[in-house]
1. So which pairs qualify, if the first residue must be in the stretch 55-70 and modelled with pLDDT under 75, the second must be outside any loop (DSSP other than H, G, I, E, B), the Cβ gap must be under 8 Å, and the two must be at least 6 apart or on different chains?
2. Is it fair to say PRO3 is surrounded by 10 or more Cβ atoms within 10 Å (Cβ to Cβ) and at pLDDT 75 or above?
3. Report every pair of residues separated by at least 6 positions or lying on different chains whose Cβ atoms are under 7 Å apart, first residue within the stretch 1-28 and at negative phi, second part of a helix (DSSP H, G or I).
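The values are calculated or read from the model by the stated rules, or taken from the named source; none is laboratory data. Owing to the predicted nature of the structure, the values given are computational and were not obtained by experimental measurement. Methodologically, a virtual Cβ is constructed for each residue, glycine included, from the backbone with ideal geometry; neighbour enumeration extends over all protein chains shown.
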Amino acid sequence: MSPYGKLAADVAPDISAALQELLNASPIPMDWQSPDDLLIVDNWRMLHMRPPIHEVGKNRTLERVLVKEG
């Protein structure tokens with residue numbers, strides 16, 4: 001992905017530096033017990049840290065599935 005717009009381009013170096021710092025940190029181990037284990041992340045709260053969502057967007061559902069073959 002690449003920044004879209006001037007504001008995004010302006011903050012991209014800071015975001016990249018912050019992400020690199022996180023990548024260099026010690027990972028948090030996950031002890032998966034079963035191939036059927038599921039991790040749910042609140043995308044709004046944990047990843048984007050956006051201001052409160054407008055009423056019209058509160059019923060939106062974002063779903064993503066990752067399937068590992070093997």
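1. Partner pairs satisfying both residue conditions: LEU62/ASN43.
2. yes
3. Listed by first residue and then by second, the contacts come to PRO3/ALA9; PRO3/ALA12.
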